[in-house]
Amino acid sequence: EVRDIYFVVDVSRSMLANDFSPNRLEVAKKYIIEFVEMRSFDRIAFVMFAEKIITLSPLTFDHNSVIDRVSEIKIGFLGNGTNIGDGIGLAVERLKESNVEGKIIVLLTDGVSNVGNITPKQATAFAVKNKIKIYSIAIGSTGKDQIPYRVGGKTMYQNIPGGNVDEQTLREVSSSTGGRFFSASTPNALKEVFINISKIEKTKIE
């Protein structure tokens, strides 16, 4: 009873916010890697998105290669938007070909979907049709978080454009698929989220 697990992770500029040290993305990468290391019998894959989406790693038992790729993730080359719908849609398209029973998407984002060919709601319907659970994680505090940018060799800070995470949509995405929504406003909270997901989706091996 193994799982196919697709990570769908936001790499938009807001993931550089300074409410997590050193930023949201680096903390997320740390705990994603720890999660992958715990799932020794499952296949893992990784999609990342901002305005555009890309498959960083297809489904594989080679967890070391997944960890190496996750470690190298940077922000900036996929644009400035937040394309949650297409990110989910790509993962569902890959997972629907799988013949295992446990098909899971772990969606992690700190923003509001504002670009894409399909909406999160449409992508969720696609997931429901293919019996794929979505565990969604809203990362970041709800305070006045800022992201850094460089001007003339100096580091300046700006408020996050686009507002805070759309928790209502994430709740609907998860509940519709039989998954769960989690909010992680601190690094420790995010660590606990991944521990909880791993406990919920136990893998049995004979």
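Among the chymotrypsin sites (Phe, Trp or Tyr not before Pro) in the range 56-165, those placed in a DSSP loop whose Cβ has at most 15 other Cβ atoms within 10 Å are F61, F77. Among the GluC sites (Glu not before Pro) in the range 78-143, those placed in a DSSP loop whose Cβ has at most 10 other Cβ atoms within 10 Å are E97, E101. Suppose the Debye formula is applied to equal point scatterers at every Cα of the range 128-194; what is log10 I(q)/I(0) at q = 0.12, 0.20 Å⁻¹? Listed by q, the Debye log ratios stand at -0.45, -0.86.
Counting only other residues whose beta carbon sits under 10 Å from that of Y135, what net charge do I get with K and R as +1, D and E as -1? Net local charge, Y135 excluded: +1.
Using Cα centres only, tell me the gap between the range 100-133 and the range 36-80 in whole Å. Taking the Cα centre of the range 36-80 as reference, the centre of the range 100-133 is 16 Å away.
The modelled label-to-label distance for the pair S71/E93, using points 7 Å beyond Cα in the direction of Cβ, is 3.1 nm. Accessible surface of the range 113-206, 1.4 Å probe: 49 percent of it comes from carbon and sulfur atoms. Between the labelled values (i) 58, 33, 27; (ii) 47, 42, 31; (iii) 81, 38, 36, the entry that holds Cα extents along the principal axes in Å as derived from this structure is (i). Using Cβ point charges alone (K and R +1, D and E -1), the dipole size of the chain about the Cα centre works out to roughly 160 debye. Ranked by solvent-accessible area (1.4 Å probe, protein heavy atoms only, all chains present), the residues S113, S12 order from largest to smallest as S113, S12. Report the local net charge at G111: Lys and Arg +1, Asp and Glu -1, summed over other residues whose C-beta lies under 13 Å from its C-beta. Charge balance near G111 sits at -4.
With protein chains left intact and a 1.4 Å probe, residues in the chain average 49 Å² of accessible area per residue. Max-minus-min Cα coordinates of the range 24-78 on each principal axis give 32, 22, 13 Å, with the largest extent listed first. Shape of the range 23-125 from the C-alpha gyration tensor: oblate (a/c of 1.5 or more and a/b not above b/c, with a ≥ b ≥ c the square roots of its eigenvalues).
The values are calculated or read from the model by the stated rules, or taken from the named source; none is laboratory data. Just so it is clear, the structure is predicted and the values come from calculations on it, not from any experiment. For neighbour counting, all protein chains shown are included, and Cβ atoms are generated from backbone atoms with ideal geometry for every residue, glycine included. Note: accessible area is taken over every heavy atom of the protein model, side chains too, but ligands, DNA and RNA are not part of it. Shrake-Rupley method; radii C 1.70, N 1.55, O 1.52, S 1.80 Å.
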